[in-house]
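Worksheet: one structure, shown below.
The values are calculated or read from the model by the stated rules, or taken from the named source; none is laboratory data. Keep in mind that this is a model prediction, so the values were computed, not measured. Here the Cβ positions follow ideal geometry from the backbone for every residue, glycine too, while neighbour counts run over all protein chains shown. For accessibility, only protein heavy atoms count, side chains too; no ligands or nucleic acids. Shrake-Rupley method; radii C 1.70, N 1.55, O 1.52, S 1.80 Å.
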Amino acid sequence: MGARGSNLIAILVLIAASSVIVGEALTPQYYWQSCPQVQEIVRNEVRKKINETVVTIPATLRMFFHDAFVTGSDASVIIASPNNDAEKDSSDNLSLAGDGFDTVIRAKKAVEAACPGVVSCADILAMATRDVVALSGGPNYTVELGRYDGMVSQAGLVDGNLPLPSFNLDDLISMFAKHNLDMVDMIALSGAHTVGFSHCTRFTNRLYNYNGQSGQIDPTLDSKYASQLQGACPTNVGPTIAVNMDPFTPITFDNVYYTNLINEFGLFSSDQVLFTDTRSRPTVQQFAANQSAFFDAFVSAMGKLGRLDVKTSANGEIRRDCTKFNQH
């Protein structure tokens with residue numbers, strides 16, 4: 001065979017290989033033919049759920065983050081194990097609000113009625129997350145689709161893979177870097193704390209026992225805000241008592257979170273350190289002054305988050321029920 005024939009075969013091989021890659025890649029157009037109405041179906045279900053309870057907003061957003069950081073964006077966090085040993089059973093995930101799970105389960109049911117066996121739970125979670133952000137005042141961004149659902153969900157895989165409220169900047173940078181997320185991505189994703197709530201037990205060490213010193217309040221916390229938090233979270237506070245992450249606009253997705261950090265109203269140490277550390281402070285100041293800059297950075301970081309360890313037909317499935325593996 002001549003050189004021209006060999007080159008033609010090589011080109012055809014490359015085209016075939018590219019077709020395989022494209023077929024498994026994420027794209028906003030993934031369901032245009034197989035389930036063209038999926039985006040509208042999911043958003044309608046999310047809107048109905050938010051109308052029932054605004055907890056849907058932070059619950060869904062937080063669940064997307066917790067899912068992606070452990071085995072990738074594959075809806076493995078939604079699996080319910082009869083042995084209580086799935087991801088959602090990890091101590092770090094027990095505080096995930098049930099409204100986030102319910103949002104995806106409801107949307108999946110509605111999507112299955114229109115397009116059975118076509119749309120993954122992982123993609124529904126990604127779309128629902130975008131929708132809770134948009135419907136609460138945040139950016140309405142394009143979601144890449146084509147994920148398959150993961151085949152593994154183990155509580156033991158969660159340990160050490162989620163940021164803690166006590167993290168300093170080096171801890172945060174290191175954990176996000178493991179997922180190819182840089183410091184700006186991390187600061188933008190932390191802005192999700194502009195909505196939602198936290199249980200008092202996650203931060204009371206800053207109010208009563210800072211650095212192990214009894215009666216000591218974290219000096220990076222505004223003193224009046226600390227007093228308000230002490231009123232809501234006494235020393236013997238129960239595990240179910242919670243306060244808003246953002247005391248000013250707790251159900252609106254905006255950049256007030258960053259203004260709060262500048263004014264020493266960060267609820268977690270891992271929030272406030274973004275301003276107290278001079279390495280991250282300029283980005284906090286930028287986002288506080290320019291909401292569009294925050295939104296742009298958030299959308300970029302969410303895109304990266306949604307691409308983490310995406311499953312394909314080779315190592316995933318399209319679950320019929322988001323809470324169960326198909327073979328079970």
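Please verify whether segment 89-99 includes one or more residues that are touching a helix residue (DSSP H, G or I) at 6+ places or on another chain (Cβ under 9 Å) and either surrounded by 24 or more Cβ atoms within 10 Å (Cβ to Cβ) or under 16 Å from residue 321 (Cα atoms) (or both).
First pass over segment 89-99, keeping only residues touching a helix residue (DSSP H, G or I) at 6+ places or on another chain (Cβ under 9 Å): 89-99.
If we keep only those that are either surrounded by 24 or more Cβ atoms within 10 Å (Cβ to Cβ) or under 16 Å from residue 321 (Cα atoms) (or both) as well, we get none.
Scanning segment 89-99 turns up no residue that is touching a helix residue (DSSP H, G or I) at 6+ places or on another chain (Cβ under 9 Å) and either surrounded by 24 or more Cβ atoms within 10 Å (Cβ to Cβ) or under 16 Å from residue 321 (Cα atoms) (or both).
Quickly run through segment 277-328 and pick out the residues that are open to solvent by 60 Å² or more (accessible area, probe 1.4 Å) and in contact with a strand residue (DSSP E or B) (Cβ under 9 Å, 6 or more places away or on another chain).
313, 314, 315, 327
What is the one condition in (1) surrounded by fewer than 23 Cβ atoms within 10 Å (Cβ to Cβ); (2) free of Cβ contacts under 8 Å to residues at least 60 places away in the same chain that residue 146 does not satisfy?
(2)
Kindly evaluate residue 74 against the criterion of being more than 15 Å from residue 132 (Cα to Cα), crowded, with 19+ Cβ neighbours inside 10 Å and acidic (Asp, Glu). Reasoning before the result, please.
Values: more than 15 Å from residue 132 (Cα to Cα): yes; crowded, with 19+ Cβ neighbours inside 10 Å: yes; acidic (Asp, Glu): yes.
Yes.
Would you mind listing the helices (runs of 4 or more DSSP H) fully within segment 223-328 where at least 1 residues are under 22 Å from the mean Cα position of the chain (by Cα), modelled with pLDDT of 95 or more and closer than 21 Å to residue 203 by Cβ? First the steps, then the outcome.
Details: elements: 223-232, 256-262, 269-276, 281-289, 291-306.
Correct list: 256-262, 269-276, 281-289.
Looking at (1) in contact with a strand residue (DSSP E or B) (Cβ under 7 Å, 6 or more places away or on another chain); (2) open to solvent by 20 Å² or more (accessible area, probe 1.4 Å); (3) within 30 Å of residue 131 (Cβ to Cβ), which is the only condition residue 210 fails?
Going through the list (1) in contact with a strand residue (DSSP E or B) (Cβ under 7 Å, 6 or more places away or on another chain); (2) open to solvent by 20 Å² or more (accessible area, probe 1.4 Å); (3) within 30 Å of residue 131 (Cβ to Cβ), residue 210 breaks only (3).
Any idea how many residues of segment 207-222 are among the polar types (S, T, N, Q), under 29 Å from the mean Cα position of the chain (by Cα) and assigned to a helix (DSSP H, G or I)? It would help to see each step written out before you state the result.
Our first condition is that a residue be among the polar types (S, T, N, Q); within segment 207-222, this holds for 209, 211, 213-214, 216, 220.
Now drop any that are not under 29 Å from the mean Cα position of the chain (by Cα), which leaves 220.
Imposing the further condition that a residue be assigned to a helix (DSSP H, G or I) reduces the set to none.
Adding up the residues that qualify gives 0.
Could you tell me whether any residue of segment 174-184 is of a type in the set (A, V, I, L, M), in contact with a helix residue (DSSP H, G or I) (Cβ under 7 Å, 6 or more places away or on another chain), closer than 19 Å to residue 298 by Cα and open to solvent by 20 Å² or more (accessible area, probe 1.4 Å)?
The initial filter retains those residues of segment 174-184 that are of a type in the set (A, V, I, L, M), namely 175, 177, 181, 183-184.
The next check asks that each one be in contact with a helix residue (DSSP H, G or I) (Cβ under 7 Å, 6 or more places away or on another chain); those that pass are 181, 183-184.
Among the residues that remain, those that are also closer than 19 Å to residue 298 by Cα are: 181, 183-184.
Right, trim to open to solvent by 20 Å² or more (accessible area, probe 1.4 Å) and you get 183-184.
So far as segment 174-184 goes, yes, one or more of its residues are of a type in the set (A, V, I, L, M), in contact with a helix residue (DSSP H, G or I) (Cβ under 7 Å, 6 or more places away or on another chain), closer than 19 Å to residue 298 by Cα and open to solvent by 20 Å² or more (accessible area, probe 1.4 Å).
Got a sec? Which of 263, 236, 180 is farther than 30 Å from residue 70 by Cβ and touching a residue at least 40 places away in the same chain (Cβ under 8 Å)?
Values: 236 fails: touching a residue at least 40 places away in the same chain (Cβ under 8 Å); 180 fails: farther than 30 Å from residue 70 by Cβ.
Of the residues listed, the single one that is farther than 30 Å from residue 70 by Cβ and touching a residue at least 40 places away in the same chain (Cβ under 8 Å) is 263.
Is it the case that segment 123-136 has a residue that's aliphatic (A, V, I, L, M) and in a loop (DSSP other than H, G, I, E, B)?
The initial filter retains those residues of segment 123-136 that are aliphatic (A, V, I, L, M), namely 124-128, 132-135.
The next check asks that each one be in a loop (DSSP other than H, G, I, E, B); those that pass are none.
No, every residue in segment 123-136 fails to be aliphatic (A, V, I, L, M) and in a loop (DSSP other than H, G, I, E, B).
Please count how many residues of segment 170-206 are over 19 Å from the mean Cα position of the chain (by Cα), closer than 25 Å to residue 255 by Cα and in a helix (DSSP H, G or I).
Qualifying residue count for the region: 3.
Conditions first: (1) within 26 Å of residue 134 (Cβ to Cβ); (2) out of contact with any Asp or Glu (no Cβ under 6 Å at 6 or more places or on another chain); (3) buried (at least 16 other Cβ atoms within 10 Å of the Cβ); (4) in contact (Cβ under 8 Å) with a residue 12 or more places away in the chain. Residue 248 passes all but one, so which condition is the exception?
Of everything listed in (1) within 26 Å of residue 134 (Cβ to Cβ); (2) out of contact with any Asp or Glu (no Cβ under 6 Å at 6 or more places or on another chain); (3) buried (at least 16 other Cβ atoms within 10 Å of the Cβ); (4) in contact (Cβ under 8 Å) with a residue 12 or more places away in the chain, residue 248 misses just condition (3).
Hey, can you tell me all the residues within segment 213-240 that are at positive phi and crowded, with 16+ Cβ neighbours inside 10 Å? So that I can check it myself, show each step before the final result.
Filtering segment 213-240 down to residues at positive phi leaves 215.
Matches in segment 213-240: none.
Suppose we keep only residues that are surrounded by fewer than 18 Cβ atoms within 10 Å (Cβ to Cβ) and out of contact with any Cys (no Cβ under 7 Å at 6 or more places or on another chain) within segment 113-134. Which one would you say is nearest to residue 319 (Cα to Cα)? Spell out how you get there, then give the answer.
Start the filter on segment 113-134 by keeping residues that are surrounded by fewer than 18 Cβ atoms within 10 Å (Cβ to Cβ), which leaves 113-118, 134.
Within this subset, residues satisfying the condition of being out of contact with any Cys (no Cβ under 7 Å at 6 or more places or on another chain) are 113, 116-117, 134.
Details: 113: 14, 116: 10, 117: 7, 134: 26 Å.
It comes out as 117.
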